[in-house]
Amino acid sequence: MRVERVDVFVIGGGGTGSDVTAALAGAGMNVAMAEREALGGECANFGCDPSKAMLKAARVAALAREQASSASGWGPSRSTSPP
Ligand SMILES: Cc1cc2nc3c(=O)[nH]c(=O)nc-3n(C[C@H](O)[C@H](O)[C@H](O)COP(=O)(O)OP(=O)(O)OC[C@H]3O[C@@H](n4cnc5c(N)ncnc54)[C@H](O)[C@@H]3O)c2cc1C
């Protein structure tokens, strides 16, 4: 069995683990990182980015519905929230 020696072993490849790994590697250290589920962690895969994309899509759909209903009559469109 081949044994690899590293200076630092980072557990978790979320935003924090990835940043730490990159910073240490950039400083010349021999670094290894392990991720058990999804590289990028919660923010990139389940949290920040996907939730913001869903919110944006819902706002666009609401705006389209609003515009479609106001186009059939006269008068100013009813506005809820900006997209
Ligand atoms: C719906 C939602 C929306 C959000 N929106 C925002 C936002 O707009 N702005 C913002 O700043 N933050 C937001 N957050 C919070 C953000 O996702 C977290 O603050 C961020 O992901 C934390 O990063 P982290 O790298 O510390 O942890 P994580 O992203 O959780 O990464 C930890 C990683 O370690 C791995 N791991 C754990 N144990 C082990 C092990 N034993 N072996 C191997 N791997 C392991 C996990 O699989 C995971 O990938 C949101 C969260 C949610 C749920």
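Picking from residues in the stretch 18-43 that are surrounded by 15 or more Cβ atoms within 10 Å (Cβ to Cβ) and farther than 25 Å from M54 by Cβ, the one that is farthest from the ligand (Cβ to nearest atom) is A25. Applying the criterion of being in a helix (DSSP H, G or I) and within 10 Å of the ligand (Cβ to nearest atom) to the residues of the stretch 44-54, the residue that is nearest to V20 (Cα to Cα) is A44.
Of all residues in the stretch 32-74, those that are more than 30 Å from D7 (Cβ to Cβ) and of a type in the set (D, E, K, R) total 6.
No value in this document is a laboratory result; all are computed from the given coordinates. Since the model is a prediction, treat every value here as computed from it, not as a measurement. Please note: Cβ atoms are built from the backbone with ideal geometry, for glycine as well, and neighbour counts cover all protein chains shown.
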